[in-house]
There are 4 protein chains.
Amino acid sequence: MVKVAVAGASGYTGVELLRLLVGHPLVDICAVTSRQHEGVPVNRIFPSLTGFCELSCEPLDVDVIAARADLVFTALPHKSAMDVVPGFLAAGCRVVDLSADYRLNDQATYEHWYQSHTSPELFSEAIYGLPERYREQIKKARLVANPGCYPTSVILALTPLLEHQLIDARSLIIDSKSGTSGAGRGIKEGSLFCEVNEGFKAYAIGNHRHTPEIEQELGQLAGFEVCISFTPHLLPVNRGILSTCYASLVKGHSTAELLDFYQQRYADEPFVRILPEGELPNIAYVRGTNFCDIGLVVDPRTGRVIVVSVIDNLVKGAAGQALHNMNLMYGFNETNGLEIVPTFP
Amino acid sequence: MVKVAVAGASGYTGVELLRLLVGHPLVDICAVTSRQHEGVPVNRIFPSLTGFCELSCEPLDVDVIAARADLVFTALPHKSAMDVVPGFLAAGCRVVDLSADYRLNDQATYEHWYQSHTSPELFSEAIYGLPERYREQIKKARLVANPGCYPTSVILALTPLLEHQLIDARSLIIDSKSGTSGAGRGIKEGSLFCEVNEGFKAYAIGNHRHTPEIEQELGQLAGFEVCISFTPHLLPVNRGILSTCYASLVKGHSTAELLDFYQQRYADEPFVRILPEGELPNIAYVRGTNFCDIGLVVDPRTGRVIVVSVIDNLVKGAAGQALHNMNLMYGFNETNGLEIVPTFP
Amino acid sequence: MVKVAVAGASGYTGVELLRLLVGHPLVDICAVTSRQHEGVPVNRIFPSLTGFCELSCEPLDVDVIAARADLVFTALPHKSAMDVVPGFLAAGCRVVDLSADYRLNDQATYEHWYQSHTSPELFSEAIYGLPERYREQIKKARLVANPGCYPTSVILALTPLLEHQLIDARSLIIDSKSGTSGAGRGIKEGSLFCEVNEGFKAYAIGNHRHTPEIEQELGQLAGFEVCISFTPHLLPVNRGILSTCYASLVKGHSTAELLDFYQQRYADEPFVRILPEGELPNIAYVRGTNFCDIGLVVDPRTGRVIVVSVIDNLVKGAAGQALHNMNLMYGFNETNGLEIVPTFP
Amino acid sequence: MVKVAVAGASGYTGVELLRLLVGHPLVDICAVTSRQHEGVPVNRIFPSLTGFCELSCEPLDVDVIAARADLVFTALPHKSAMDVVPGFLAAGCRVVDLSADYRLNDQATYEHWYQSHTSPELFSEAIYGLPERYREQIKKARLVANPGCYPTSVILALTPLLEHQLIDARSLIIDSKSGTSGAGRGIKEGSLFCEVNEGFKAYAIGNHRHTPEIEQELGQLAGFEVCISFTPHLLPVNRGILSTCYASLVKGHSTAELLDFYQQRYADEPFVRILPEGELPNIAYVRGTNFCDIGLVVDPRTGRVIVVSVIDNLVKGAAGQALHNMNLMYGFNETNGLEIVPTFP
């Protein structure tokens, strides 16, 4: 049994980690933290957890938590994460950090898009926690930087195309749409029910902070610097990200040929499902699970391929991928705690 | 391993049975039937099932299915169920029937609310599959009549009050609200997205077919005939039933005293959660699970108690309760296949 | 042209007042106030208003506003309203107050359910602004207390029954469901999209502050004190209230006979639509309008009548009724500014 | 007063035409047709219309309707429209056709994307009913082909860029998202509430029938043939289309400079609102109205401009634009019947 702590248990990512962890056969949850709800049982914050996890929230005291935990999931905002991650590592814990603080390799890029960083020396050690790409490194990692939700959906959608140089990477345009839980549980006007329901909008065009993360990973796949157009939108649903990716094909591959590359690339991946030709994914069919469903269409009129991927932003885009990483770090079966059938409707 | 068949696999109850059955450690799904989708793999009907169940739909041939199955779940409309249930029983199968055809004890009542019945001789054998009330009978049953969704929410909400004669049963008023999956997957104008979304209405006031079923079971608890007001409403959500039950108290019990009765009555029930005083249930906190959450308030101004219960209509209100019944019938752990943490948000 | 000011323009009631007022042929909006958004044009707060109203928000300075306005709509929280209403009246303005501060006739009742009152001397002057009941008094009023949203839906639903003594008023049970805009635009966790969407719950059972307001008005209709059970619920829709009202019939009237009473009572009312026998109202069919649609069913099994009414909580339940009151106060055509066809779907 | 008929009144476009027409001061609705609901008053099909329009549906008999009507709105499926439009014209009626049957100039293109055409001789006469582009021709037209919903949102979004040759037209990628009313009121599984709610998907990638219509009009603006990528998606909302349009800039214009072009181009247009720099449109802010709101951002990193436009698909995307066209055809004030303030929330 691995003893795990969840730092930041009162947000949507926190409760999702708890939902998944209580169903994991080899995990013992030893601590949950929340500054705002100190002393409150998590099942009073989230009655859904009643009967499954009734731990009370503690303050985030690194020494106290580290004394009990083998692994810490830090489900904190960026900046807050870097305040505690080095301490957990120093105290001998392994860390899966769900913030953006250790995802980028380059300090200047981080500081351009976020703010100054207090432990850039960890950048070289932190492993980008996308199992489909960095499985072996994750197994040995002390610090895993769990990928962002949008980047997960985009990188998985484009990996086979870039690995095989099938597209012109400069032509990449990514139009993403996210459910509202992606905005977190922080209270702000824009997240109110009446502001979101029956609405739809784009936001942060040209300057969303997931852009450098996507470009970093796509660039590594391409072998050169990649500069993308990335436009996120806010969907009036609780969960789900759908990314529609446009790229110009270098050669005239057909839909069937491209699907073959995808089938091969992901043949052994437990959480990627490639749809047959003629079918397109729907966020409704991955809800609550760690799956990434991918479909694609070649449009011979324009010479472009359009790849569509869907994930549950709180699972494959956050907590589920974090568990997957933990499973790899401890040599567990990769699907432990994640063998969940999507709930439809 | 029990070999089970799902008759009527292309409806929402059918897909929900499959979602739960594929996660059950002691079950082997040997057949799925659908007249409309004969020959189509269920995961083409419901892509959510891809990787979990890819059986093709067969026609509903009783002999063919019975030759393979130990247990048949009949997820068919009423009337269609009675056409096949006697055959399955005769062929040696056990049956959990999710239709209304064997829930009522009285042929005249059935025929008044539904239509004529072709196998009323089974009424005396069929066990009403509410484990919290008929656990021992279910264990030995050959034919279990799985309760309706509204009745499940109402009977569990009122059982402790009636068992202890705490209320005037003639005063019972039940105001229920159901998510749209309760209307099934049949295509009809009233179930279109634009007709339901941002709308809300009552329907079938005074004549909903679940009324006699509720009255039958409440009457048995009360020890005399009960006549209720029951008003269902259609909620613009996928899943969930909330029933608000009003009753005049016979004596002046307090909220805390009544909650004690509930806590005691359901202390050993794995799927009933009684909320502490001051909290009220929300359908969002039982989504995807077999839980029934119950809260209540005594209003001393009016001398009434208001009990509020919530379930997921497709789980505790249908497929989950059916699995629970199967677990009882085969001596499995009652929670097998049902140890699901609610997904929130 | 009447010069009107809207005090509290940045809430949902405020923007709804502006939506309706800009379409009113005889109104000139002379001021909008918002403490939070001082100096900001209302169309920056609500881009929907662009091209219709681009006034900047002012602080709520009674003397400054009163110097310009003939009529002030106070769309403020209770308690805040009583801080300014006496000043506006003293300065010669007429006031339609959308808060609860002047709706109750009895100071002790107000102070029991709310808090101490600083201008109870206005209680006897304030007219309860339900045109269907107090039309003549409203015409001459200096201070109109605009009814609450739930009370509007309930009082209109029950008026014919109580005026004709057709029901036992002690048997009244009212089960109401409101869209989320009823909770206002204040930012709080419970109003976040992900907390409300796909959820449903009851709240404030037995102690909602609209209870004494409903009881006051029903009591006046009945001719004696009335004590009701009132249970509000939160619907995952933007707009709409549906109230399901249960009462025991004194004599055995039929549905058709009762509908006759309703048709007669509301024959000349421009905003009440009585549905034919066999039809029930839906909040979707009054969206954006000042209509109250009412349907009813007599259940001979229980001897009860079930009356269902629907309104748009922001229109007939707030801003629309306020305009109706203004129209009466100034001798305008009652439907001016309110001739809106419901938008469906 | 113009006497108008609505052919196809029982769909969402039909009821929206009626909603707008009953508020038009110079229109007399003389007939509504519906094959499916012959003899049924439209307010029984759509109770929202009660008190506004209670005409009974007639069969679509061209001679009978033409004898009464000056103008016919044909709100019929493509193919059905061409069966009656020539007859109405021959009988002396003017026609605003809301189907796709007369939108394309080229018979071969029409027959490639749709089916064979029985009155291609009308192609040269039919005016594409986008007032912002063909105002003068519409005024004199006998037959107006009302634009598709997606094309309206896209053409308005791109007109200033193409008219001034600011972008490389070959780079155009259009990612559109539509509310579910765009799928019509026909009953099909994919339009059921539970299939759409909490879901999101792309569909018809590379082969949506609005593609040639968009390309025709963009090509005319560009002065040469244009070939676009167009991907529609299904949004779980009732109303609204948002189109995100990507194009490579030819010169390095800034956001402010481009917005200037837009402000100038649409300065006199009553239904186009250009948002200030830094703001992006939301479908929620045009709901129920004939507005098209447009925002844009230049991304200097990629050299692309991203233009986002929103409309209500049933109003500016169908019925509202049809009324606008009628106003032009009869010399009415362009905004008659369309002076509607968006309802928010």
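See the values below:
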item	result
Conditions (1) over 18 Å from D:ARG239 (Cβ atoms); (2) more than 14 Å from every other protein chain (Cβ to nearest Cβ): number failed by D:CYS149	(1)
Residue among D:ILE283, D:ILE306 that is over 25 Å from D:LEU338 (Cβ atoms), hydrophobic (A, V, I, L, M, F, W, C) and either within 12 Å of chain A (Cβ to nearest Cβ) or open to solvent by 10 Å² or more (accessible area, probe 1.4 Å) (or both)	D:ILE306
Scan of segment D:26-42 for residues that are assigned to a loop (DSSP other than H, G, I, E, B) and crowded, with 19+ Cβ neighbours inside 10 Å, ordered by number	D:SER34
Enumeration of residues in segment C:13-23 that are touching a residue at least 40 places away in the same chain (Cβ under 8 Å) and open to solvent by 10 Å² or more (accessible area, probe 1.4 Å)	C:THR13, C:ARG19, C:GLY23
Verdict on D:LEU192 being hydrophobic (A, V, I, L, M, F, W, C) and away from chain A (no Cβ under 12 Å)	no
Residues (closer than 30 Å to A:GLY303 by Cα and hydroxyl-bearing (Ser, Thr, Tyr)) located in segment A:172-195	A:SER176, A:SER178
Odd one out for D:ASN197, checked against (1) open to solvent by less than 10 Å² (accessible area, probe 1.4 Å); (2) among the polar types (S, T, N, Q); (3) within 14 Å of chain A (Cβ to nearest Cβ)	(1)
Conditions (1) of a type in the set (Asp, Glu); (2) open to solvent by less than 10 Å² (accessible area, probe 1.4 Å); (3) more than 10 Å from every other protein chain (Cβ to nearest Cβ); number of the one not met by C:ASP175	(3)
Segment C:216-228 residues that are assigned by TED's automatic domain parsing to the domain that holds C:ILE167, paired with ones that are among the hydroxyl-bearing types (Ser, Thr, Tyr) (beta carbon under 8 Å, 6 or more apart)	C:GLN216/C:THR109; C:GLU217/C:TYR128; C:LEU221/C:THR159; C:CYS227/B:THR302; C:ILE228/B:THR302; C:ILE228/C:THR211
Subset of segment B:84-113 (residues that are in a loop (DSSP other than H, G, I, E, B) and either of a type in the set (A, V, I, L, M, F, W, C) or surrounded by 14 or more Cβ atoms within 10 Å (Cβ to Cβ) (or both))	B:ALA91, B:CYS93, B:LEU98, B:SER99, B:ALA100, B:ASP101, B:TYR102, B:ARG103, B:LEU104, B:ASN105
Of all residues making up segment D:242-265, the number that are open to solvent by 10 Å² or more (accessible area, probe 1.4 Å) and more than 14 Å from chain C (Cβ to nearest Cβ)	15
Pick from segment D:212-236, criterion more than 30 Å from B:HIS37 (Cα to Cα) and within 11 Å of another protein chain (Cβ to nearest Cβ), ranking: surrounded by the fewest Cβ atoms within 10 Å (Cβ to Cβ)	D:CYS227
Out of D:ALA141, D:ALA157, sole residue that is farther than 22 Å from D:ASN207 by Cβ, in contact (Cβ under 8 Å) with a residue 60 or more places away in the chain and either open to solvent by less than 10 Å² (accessible area, probe 1.4 Å) or in the same structural domain as D:LEU98 (by TED's automatic domain parsing) (or both)	D:ALA141
Residue check, C:LYS316 away from every other protein chain (no Cβ under 13 Å) and more than 18 Å from the chain's Cα centre (by Cα)	no
Condition broken by A:LEU161, with the remaining ones in (1) more than 14 Å from chain D (Cβ to nearest Cβ); (2) aliphatic (A, V, I, L, M); (3) touching a His at 6+ places or on another chain (Cβ under 8 Å) satisfied	(3)
Selection from segment A:19-65 of residues that are touching a strand residue (DSSP E or B) at 6+ places or on another chain (Cβ under 8 Å) and facing another protein chain (nearest Cβ under 8 Å)	A:VAL22, A:PRO47, A:THR50, A:GLY51
Residue match in segment B:244-256 (condition: part of a helix (DSSP H, G or I) and not assigned by TED's automatic domain parsing to the domain that holds B:LEU18)	yes
Boolean, D:ALA5 is buried (at least 19 other Cβ atoms within 10 Å of the Cβ), of a type outside the set (Lys, Arg), touching a residue at least 12 places away in the same chain (Cβ under 8 Å) and farther than 17 Å from D:ARG185 by Cα	yes
Segment C:114-138 - residue that is in contact with a strand residue (DSSP E or B) (Cβ under 8 Å, 6 or more places away or on another chain) and either under 21 Å from C:VAL84 (Cα atoms) or assigned by TED's automatic domain parsing to the domain that holds C:GLY240 (or both) and, of those, surrounded by the fewest Cβ atoms within 10 Å (Cβ to Cβ)	C:GLU125
Residue under evaluation B:ARG239, criteria (1) more than 10 Å from chain C (Cβ to nearest Cβ); (2) outside any strand (DSSP E or B), criterion not met	(1)
The lone exception for A:ASP268 - which of (1) free of Cβ contacts under 8 Å to residues at least 12 places away in the same chain; (2) buried (at least 24 other Cβ atoms within 10 Å of the Cβ); (3) not β-branched (Val, Ile, Thr) it fails	(2)
All positions within segment B:200-211 that are in contact with a Phe, Trp or Tyr (Cβ under 8 Å, 6 or more places away or on another chain) and buried (at least 22 other Cβ atoms within 10 Å of the Cβ)	B:HIS210, B:THR211
Tabulated pairs, segment C:42-71, first within 18 Å of D:GLU279 (Cα to Cα), second of a type in the set (Ser, Thr, Tyr), C-beta under 6 angstrom, 6+ apart or interchain	C:ASN43/C:THR50; C:ILE45/C:SER10; C:PRO47/D:TYR285; C:SER48/D:TYR285
Scope segment C:1-25; condition assigned to a loop (DSSP other than H, G, I, E, B) and touching a Gly at 6+ places or on another chain (Cβ under 8 Å); matching residues	C:GLY8, C:GLY11, C:GLY23, C:HIS24, C:PRO25
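Residues are listed down the side, and each one gets a yes or a no for (1) within 14 Å of chain B (Cβ to nearest Cβ); (2) touching a helix residue (DSSP H, G or I) at 6+ places or on another chain (Cβ under 6 Å); (3) touching a residue at least 40 places away in the same chain (Cβ under 8 Å); (4) in a helix (DSSP H, G or I):
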| residue | (1), (2), (3), (4) |
| --- | --- |
| C:GLU121 | no, no, no, yes |
| C:ARG135 | no, no, yes, yes |
| C:ALA169 | yes, yes, yes, no |
| C:ARG185 | no, yes, yes, no |
| C:GLY206 | yes, no, no, no |
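The values are calculated or read from the model by the stated rules, or taken from the named source; none is laboratory data. Just so it is clear, the structure is predicted and the values come from calculations on it, not from any experiment. Positions of Cβ are backbone-derived with ideal geometry, glycine not excepted, and every protein chain shown enters the neighbour counts. Just so you know, the surface numbers come from the protein's heavy atoms only, side chains and all, with ligands and any DNA or RNA stripped out. Shrake-Rupley method; radii C 1.70, N 1.55, O 1.52, S 1.80 Å.
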